[in-house]
1. Collect the residues in the range 346-365 that are in a loop (DSSP other than H, G, I, E, B) and either closer than 19 Å to residue 317 by Cα or among the hydroxyl-bearing types (Ser, Thr, Tyr) (or both), keeping them in residue-number order.
2. Please work out which residue is farthest from residue 238 (Cα to Cα), limiting yourself to the range 568-609 and to residues that are among the charged types (D, E, K, R) and surrounded by 14 or more Cβ atoms within 10 Å (Cβ to Cβ).
3. Any idea which of 585, 606, 595, 616 is more than 16 Å from ligand 1 (Cβ to nearest atom) and within 24 Å of residue 695 (Cβ to Cβ)?
4. Give me the pairs, please: first residue somewhere in the range 396-419 and at pLDDT 95 or above and within 16 Å of ligand 2 (Cβ to nearest atom), second residue anywhere and part of a strand (DSSP E or B) and not hydroxyl-bearing (Ser, Thr, Tyr), beta-carbon distance under 6 Å, and either six or more positions apart or on two chains.
5. Has the range 178-185 got at least one residue that is buried (at least 24 other Cβ atoms within 10 Å of the Cβ), under 29 Å from residue 468 (Cα atoms), within 12 Å of ligand 2 (Cβ to nearest atom) and under 12 Å from the mean Cα position of the chain (by Cα)?
6. Between a residue in the range 437-451 that is over 26 Å from residue 97 (Cβ atoms) and modelled with pLDDT of 95 or more and any residue that is part of a loop (DSSP other than H, G, I, E, B) and among the basic types (Lys, Arg), which pairs come within a Cβ distance under 6 Å, given they are 6 or more apart or on different chains?
7. Checking the conditions here, which among 27, 110, 114 is touching a residue at least 40 places away in the same chain (Cβ under 8 Å), under 27 Å from the mean Cα position of the chain (by Cα) and more than 16 Å from ligand 1 (Cβ to nearest atom)?
Amino acid sequence: MQKYDQPKMTNIQTHYRTCNLCEAMCGLVITTQNEQIQTIVGDEKDPLSHGHICPKALAYKDLHEDSDRLKFPVKKTNSGWEQISWENALDEIADKLVNIQKTYGNNAVGVYQGNPSVHNYGTLLYGPTFFSSLRTRNKFSASTVDQIPHQFAAYQMLGHQLLVPIPDIDRTQYMIILGGNPLVSNGSLMTAPDIRNRLKAIQSRDGKFVVIDPRRTETAKLADEHCFIQPGTDVYFLIGIIQEIIKNGWIKQGHLDSVTKNLDEFLTSIPDIELETISSITGISSANIQRIAKEFSQAESAVCYGRMGACTQKFGGTVHWLINMVNIITGNFDAPGGAMFTSPAFDTLGNSQTKGHYNKGQSRVRNLPEFAGEYPAVTMADEMLVKGEGQIRAMVTSAGNPILSVPGGEKLDRAFSGLEFMVSIDFYINETTRHADIILPPAFNLNGPHFDVVFNIFAVRDVVKYSNPVFPKESGTKYDWEIFMGLEKRVAQKNGRKYSKINHFLSKKFGPEWLLDLGIRIGEYGSLKSLFKWNGLTLSKVKKQVHGVDLGPLKPRFPKRLFTSDKKIDLAPSIFIDDLKRVISNVAQSNSNGSLTLIGRRQLRSNNSWMHNCPSLMSGRDRFLILMNPLDAQKKSIADGQKVRVKTSNAQIELEAKLSAEIMPGVISIPHGWGHEGKGTQQKIALKNKGGNLNALGDDLAIDPVSGNADLHIRNVEVYPI
Ligand SMILES: Nc1nc2c(c(=O)[nH]1)N[C@H]1C(S)=C(S)[C@@H](COP(=O)(O)OP(=O)(O)OC[C@H]3O[C@@H](n4cnc5c(=O)[nH]c(N)nc54)[C@H](O)[C@@H]3O)O[C@H]1N2
Ligand SMILES: Nc1nc2c(c(=O)[nH]1)N[C@H]1C(S)=C(S)[C@@H](COP(=O)(O)OP(=O)(O)OC[C@H]3O[C@@H](n4cnc5c(=O)[nH]c(N)nc54)[C@H](O)[C@@H]3O)O[C@H]1N2
Ligand code: SF4
Ligand SMILES: [Mo]
């Protein structure tokens, strides 16, 4: 196997790439001349995206050209950031980390990994080796302000934390979207580029899709039906649907009849809550719940899909169990048109060292259970601030900005500024990385190859593609994976421990390509899968197909694909059954007390807290607005366009109000990822579009105790006109 070719930058060249900015994996055609990007368009021959593209992809040009983007390590000094050599930076970091661990114990070094980590195969394949070499339990990531309930339900029911069901959107006849806005997000845990046309196709084949959301979102506007739902009450809606299915005898498991266990236990455990009560808690009428249950059960195929809004709430874990159950008991699990499972060419699940584990340890301060080797991000600040044995004294952050992304932003800001040492692997100096003592910037994505190790396992169709670098690697820069290897080796040497010399040797010679090639060869379609597949896939065959390889629609895969030891789906994991007590006891508290609940929203021309330094995305009107229903505004004498102050017990921010009936009464919405700071950061354009930090208003104590996910609903918010 050979390493990739570095492109030569002279005349006009055409490059085929997979966009790695969000989960949709759109195929791009990028033309370059010398070191410049000339054009970026969608690749019509890409088997998954068929030419679709969004405004963020065009911003690759801005990212590529951004003079604020770091290329070499910088160290904080009394006179500001100073460039230092890689050798000195890596040596000093290893020294500091090892010394801190020797003085205070291994847990004194904490780790936070942000979202772009999963879009980068170098980070994915090499980050874990370095992080586990630190032998710390204090690991955190953006997963616990995001999708961990999907993984928790998969782990409990199907035996592997990554065996996440994917809606078979291209074949379904009926889809319920709970708390997702794919028209803006471009789909999540549902890699499905050009979602608009995929949703419209459901309608043109006489199917239907229904959106359940406290806001009449862009997706809801396209839907056949939209129901407002009180934030955090999806669990009751799902119980209502399941009660109807049971009551009317619509249960059918199809080919999974002999593959599931504990159906009776599940059925008898469903609490008997009156439909009228459910209706008053959720705000969805009984008639609608009854009709949706009937339509779903009787559709030729159907899928219930939940995303961010259904995850980041106090019953996130149990909600995802019940979503799976709605699909399973109506025969829509592992079946075409229902929730299905991928057969990726590089099988991240099969190759992963762990299927997952739960509660192997508890966090020091709040006693929260570990899942997937991590503690909830909402307790990261506690672990840094609360004194005592095991307190975090040093942090390593990679590809993240938790101060803007995790509830309790101001507390996190305090916590980071009090550390003895901090290192960040990131090419921007943002609100979080500004606290680092040393920043290690990886080479930019377009200066390296790309392969999706994660999103092929969440795609609505099996595909595989390898992208060559668009630009050569600039001299003296390092990829994320090289940074991780450099750190791992030095930390091991300073500790007198072993590190994997074979991996280091092969990676130095071939790059991460050797791991990809091996993974593809031993995978489902690979040349080493069996004697009969000697002519199967290899990385070099994949590379030859520049637009990507289509491996076909999703196929039923159970029971073979299950990771449970008995090859059965557990329909009644005790942790969820037990949580139903909490669901029942919450009935009384669920009626709103007339106060406002604050939720977030995503924006097409933004990407969480970053890409705000891209001029092409930041042009146009201010997007940092609070959405408010006119009825609520009237009560507070707030006019459209007026400046308001939004206040919680944690913080306050000021912004302009936009009145609209698209948000339900009692609910207000502010986009997250804003709140850019000038002090110590280096993002000039982002600073002109500061906005305020939604997560500073947020409550770090609000959590789903089952999955450990943050509850991003901010309750009892006060809004005043100014
Ligand atoms: N209130 C509220 N809070 C939320 C959310 C919400 O909906 N509402 N959403 C949550 C979700 S879903 C997520 S995923 C998180 C995101 O939270 P984070 O992951 O903490 O933050 P990002 O804004 O994605 O920060 C990405 C950082 O990675 C850097 N980066 C980009 N590419 C690379 C790379 O290839 N290598 C390296 N080393 N760095 C890179 C960027 O420069 C940027 O600094 O926010 C969460 N927070
Ligand atoms: N343009 C753009 N694309 C992105 C991102 C981005 O920042 N910008 N971020 C990427 C990331 S990291 C992710 S994880 C995905 C997320 O992808 P999605 O989950 O599709 O996106 P969100 O906009 O967070 O959708 C959450 C929806 O849940 C609703 N909601 C809030 N609370 C509740 C509730 O209690 N119940 C119900 N039923 N609904 C509720 C919100 O109103 C919102 O419409 O998007 C990705 N794509
Ligand atoms: S939808 Fe996502 S993957 Fe597609 S072009 Fe936009 S950012 Fe890239
Ligand atoms: Mo996310």
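1. Kept after step one, since they are in a loop (DSSP other than H, G, I, E, B), are these residues of the range 346-365: 346-347, 352-357, 363-365.
352, 354, 355, 356, 357, 363, listed by residue number.
2. Ranking the qualifying residues of the range 568-609, first place goes to 605.
3. Details: 585 fails: within 24 Å of residue 695 (Cβ to Cβ); 606 fails: more than 16 Å from ligand 1 (Cβ to nearest atom); 616 fails: within 24 Å of residue 695 (Cβ to Cβ).
Going through 585, 606, 595, 616 in turn, just one is more than 16 Å from ligand 1 (Cβ to nearest atom) and within 24 Å of residue 695 (Cβ to Cβ): 595.
4. Matching pairs, first to second residue: 398/113; 398/425; 407/710.
5. no
6. 447/473
7. Details: 110 fails: more than 16 Å from ligand 1 (Cβ to nearest atom); 114 fails: more than 16 Å from ligand 1 (Cβ to nearest atom).
Only one candidate passes the filter, namely 27.
Results for (1) at pLDDT 95 or above; (2) within 16 Å of ligand 4 (Cβ to nearest atom); (3) more than 30 Å from residue 563 (Cα to Cα); (4) buried (at least 22 other Cβ atoms within 10 Å of the Cβ), shown as yes or no for each residue.
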residue	(1), (2), (3), (4)
156	yes, no, no, yes
176	yes, no, no, yes
189	yes, yes, no, yes
203	yes, no, yes, no
213	yes, no, yes, yes
224	yes, no, yes, no
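The values are calculated or read from the model by the stated rules, or taken from the named source; none is laboratory data. None of these values were measured; they are calculated from a predicted model. For neighbour counting, all protein chains shown are included, and Cβ atoms are generated from backbone atoms with ideal geometry for every residue, glycine included.
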